[in-house]
Amino acid sequence: MNFEVIPLTASIGSEIRSSAGQIVSPQGAAKLREVLIERGIVVVRGVGLTDDEQLALSNLMGTVRDEGERGVMKITMDKSENAAAEFLKGSWLWHLDGTHDDVPIFASLLSGRVLSQVGGQTEFANTHAAYDALPDEMKARIEGLKVAHSIGVSMRRAGVEASPENEARWRMAPDKIHNLVWTHKSGRRSLVIGCHASHVVGMDREESDALLEELLAWTTQSRFVYRHEWTVGDLVIWDNTGVLHRAEPYPIDSGRMMHRTTLLGEEAFA
Ligand code: OGA
Ligand code: MN
């Protein structure tokens, strides 16, 4: 196997230098999965996977979620390509995918197909590293806290119009409560925060807002963040269980088009 693995930053991300032929294979997928879990993000620059290759790789790395066309979802603000484009504005704020599920998705593979002339880079923050680096007093303070996650809250924060139809749609997914600190089966710990995090259960509102803001600001310090500057054909994979992500805002009519495949979760929030 011809694989060069290069760290992108000290605390998050590795780049793999290889070819489509090498990575879309059982050994390649196993290697990507291993690096992904260890480093949070895997980048393969300019690899230019076709949808079939991306699907094949995804199927080798986990179980592909049934969405979009045959499992390939178009991430774009273009309404003719994605009926839910308006809600994608939520991806401009720090988040993890699937806080309203008991078992959040494990990972996503994103291929850059058409880029925006402005904005549209993607940032990732390692919530394992951020938790580990917290001062002991903060670790003690947040131990055992529970947080309510709300789609409506995240949509309003993202500036999506709170029309009666939208409000009704958001209410269809009830708030979900998760531990603020997720203790994974591996023993590793991470923070479950981001734009869906509405409030700490049972805590005074002001204190809760301040705490969630402080933890988000801590986690998204540059030392825990990798910012991906896209080139067409790049493949970026994130471990959604230990990484927050956000896209930099880009014009609605920029034509930006990413092809995403999503791997079903393998572990419930705990
Ligand atoms: C997503 C997402 C970020 C981007 O697909 O879940 O947040 O850069 N994408 O498009
Ligand atoms: Mn997302």
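The values are calculated or read from the model by the stated rules, or taken from the named source; none is laboratory data. If you're wondering where the values come from, they're calculated on a predicted model, not measured in any experiment. Using ideal geometry, Cβ is built from the backbone for each residue, glycine included, and neighbour counts are taken over all protein chains shown.
Brief remarks on what is shown
- Subset of the range 12-33 [part of a loop (DSSP other than H, G, I, E, B) and touching a Leu at 6+ places or on another chain (Cβ under 6 Å)]: V24
Rundown of residues vs (1) of a type in the set (V, I, T); (2) in contact with a Cys (Cβ under 6 Å, 6 or more places away or on another chain); (3) at pLDDT below 95, yes/no style:
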| residue | (1), (2), (3) |
| --- | --- |
| N166 | no, no, yes |
| R171 | no, no, yes |
| S208 | no, no, no |
| W218 | no, no, no |
| V225 | yes, no, no |
| H228 | no, no, no |
| I237 | yes, no, no |
| H245 | no, no, no |
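- Looking across the range 231-248 at every residue that is assigned to a loop (DSSP other than H, G, I, E, B) and near ligand 1 (Cβ under 10 Å from one of its atoms), the one that is farthest from S116 (Cα to Cα) is identified as N240.
- Looking across the range 208-234, the residues that are away from ligand 2 (no atom under 16 Å from the Cβ) and either of a type in the set (A, V, I, L, M, F, W, C) or at positive phi (or both) come down to A210, L211, L212, L215, A217, W218, F224, V232, G233.
- Counting only strands (runs of 3 or more DSSP E) that sit completely within the range 64-142, those holding 1 or more residues that are away from ligand 2 (no atom under 15 Å from the Cβ) correspond to 107-114, 122-126.
- Qualifying position, being touching a strand residue (DSSP E or B) at 6+ places or on another chain (Cβ under 8 Å) and either of a type in the set (D, E, K, R) or closer than 21 Å to I105 by Cβ (or both), among L60, L36: L36
- Only listed residue being touching a Gly at 6+ places or on another chain (Cβ under 7 Å) and in a helix (DSSP H, G or I), chosen from L36, L60, L55: L55
- Residues within the range 249-260 that are within 13 Å of ligand 2 (Cβ to nearest atom) and either part of a loop (DSSP other than H, G, I, E, B) or crowded, with 24+ Cβ neighbours inside 10 Å (or both), tallied: 0
- Any chance M61 is buried (at least 16 other Cβ atoms within 10 Å of the Cβ) and within 16 Å of ligand 1 (Cβ to nearest atom): no
- Close pairs (6 angstrom Cβ cut-off, 6 or more residues apart or separate chains): touching a residue at least 40 places away in the same chain (Cβ under 8 Å) in the range 114-128, part of a loop (DSSP other than H, G, I, E, B) and more than 14 Å from ligand 1 (Cβ to nearest atom) anywhere: A125/T220; N126/S11; N126/I12; N126/G40; T127/G242; H128/R188; H128/G242
- Hits in the range 109-135 (condition: within 11 Å of ligand 1 (Cβ to nearest atom), surrounded by 21 or more Cβ atoms within 10 Å (Cβ to Cβ) and hydroxyl-bearing (S, T, Y)): S111, T122
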